[in-house]
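The next block holds one structure in the form of structure tokens; read it before the comments.
Read-outs: derived from the displayed coordinates by stated rules, not from any lab. Note that the coordinates shown come from a computational prediction; the quantities given were computed from them, not determined experimentally. Reconstructed Cβ throughout: ideal geometry from the backbone, glycine too, with neighbour counts over all protein chains shown.
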Amino acid sequence: MNVKKYRAADSEQAMRMIRAAHGPDAVILDCQSVPGGVELVVSWDEPEGEAAVAPVRQDAAQSRENTALEALLARREKRSETELSPVAEMPRQNFGKGPQLAWSENDELHEMKQELAAMKSMLMSQLKDHNWQQLSTEQPRHQGSNGLLEAMDIEPRIAEQLQRELPPEQSEAVQREALKILLSRRLPVAPPPSRGAICLLGPQGAGKTTTIAKLAAQHVMRHGRDNIALLTTDSARVGAQDQLRAYGRILQIPVHGAGTISEAARTFRLLEKKALVLVDTSGLSFRDREGLNEMEKLLSVMPGLQCYLTLPADVEAYVQSEIIDAYSRFDLQGAVISRIDEAMRLGGLLSNLIEHRLPAVWCANGPKVPQNLSPADATKLVSIAMRMARGFTPAPRVATPAPAQRLGVQA
């Protein structure tokens, strides 16, 4: 992720600069008035093939990350006046002559987050591998089914529970089918709603806006376009509302925008009589506590809203768990499982849905509107997870004495 500051005489001028420089996917991090105009801070990801920054992950120890980040930000704040002095001292009259650009480099912060992400990923992998080692030692007669579940990336504690229900002394093929049935029964699934006000939440890039378009297109195909409306509250991503309005023009349905809480409340009241209202929201990181608090205030003025989490299948399982935890405050009715076509394995995702008791409602396996969206089906999801597992072979296990307690799992 790269970060820049833009200054211009007004916000429209600054937005034109940002859109021209970075396209519609730049994210506005901050916007404030300054002498002579406005200042916008934006971020964007490098395209593939360039020096892309690795995704931000939770570090191995939250307190350590917070302390390190606070120290780093404090150091950068002390240097900010000297680093940005050319911009700060810019004459006021210059803003009337055209947009001015200021750079904000965060290389040190990015490097530290990359290192913390790598550390967390390594520790989580080692922990899971240790738990699988212990499970294989404690249940040697289930080596075949253990190998399948590990290749699927199922959590060891869930695998242990499934093993207890397997029929004893059966062939590997029979145990495989039994595992499919048992896992399908454990996976929570809920039917998708066809009416009401539906809101999609989730991190940036999870696929909320595209899913909104798919849901709208499917509704129009079945019920017509007279009793549906779209509402977008995403004012952070440049071009987000334009993207949804483009879908609206194609489907010939109204698209409303709301940038403030009062606008959202007023617009929502006008749309309450519609059979279906689809609400798009800004993408927020699970770490963005302030942003999530603001989102909570925004959604509170829309009574009866049904909230669904857009959960990407192609991120690591521990990150999915963090996302679910962060968004659980919104009384989630279920989840849209997105980016299935980009995932390598699905076992971690299935484990998270089971452990968090979050029902899968829709599954998105591609960008095509409206084809690549279907109601969630537990048996199909488990079957896909098993097919994906064929490309993964667990490492050979060496028998060791079983301890009284495995990490995270009671023996």
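About the Cα centre of the range 256-378, how large is the charge dipole given +1 on each Lys and Arg Cβ and -1 on each Asp and Glu Cβ? Please answer in debye to the nearest 20. Before the final figure, lay out each step's value.
On the way: 12 positive and 16 negative charges, 90 e Å.
Approximately 440 debye in magnitude.
Under a Cβ-Cβ cut-off of 14 Å, what is the net charge of the residues other than Ala197 that fall near it, where Lys and Arg count +1 and Asp and Glu count -1? Once all neighbours under 14 Å are counted, the net charge is +1.
If R0 is taken as 30 Å, the Cβ-Cβ distance between Asp325 and Glu177 corresponds to a FRET efficiency of 0.35. Ranked by the mean number of other Cβ atoms within 10 Å of their residues, highest first, the peptides 348-355, 217-224 fall in the order 348-355, 217-224.
Among the trypsin sites (Lys or Arg not before Pro) in the range 240-336, which ones are in a DSSP loop with at most 12 other Cβ atoms within 10 Å of the Cβ? Mind listing them? Please list the in-between numbers first.
Values: sites: Arg245, Arg249, Arg266, Arg269, Lys273, Lys274, Arg287, Arg289, Lys297, Arg329; in loops: Lys273, Lys274, Arg287.
Counting only loop positions with at most 12 other Cβ atoms within 10 Å, the trypsin sites (Lys or Arg not before Pro) in the range 240-336 are Lys273.
Extension gain for Ser285 to Asp377 (0.36 nm times residue separation, less C-alpha to C-alpha distance): 30.3 nm.
Distance from the C-alpha centroid of the range 202-271 to that of the range 173-201: 27 Å, rounded to the whole angstrom.
Return, ordered by residue number, the residues of the range 355-391 whose backbone nitrogen is under 14 Å from a label point located 7 Å along Cα→Cβ of Ile250. Residues passing the 14 Å test: 366-373. Computed with the Debye formula from one identical point scatterer per Cα of the range 139-296, without solvent, the log10 of I(q)/I(0) at q = 0.18, 0.19, 0.20 Å⁻¹ comes to -0.98, -1.05, -1.14.
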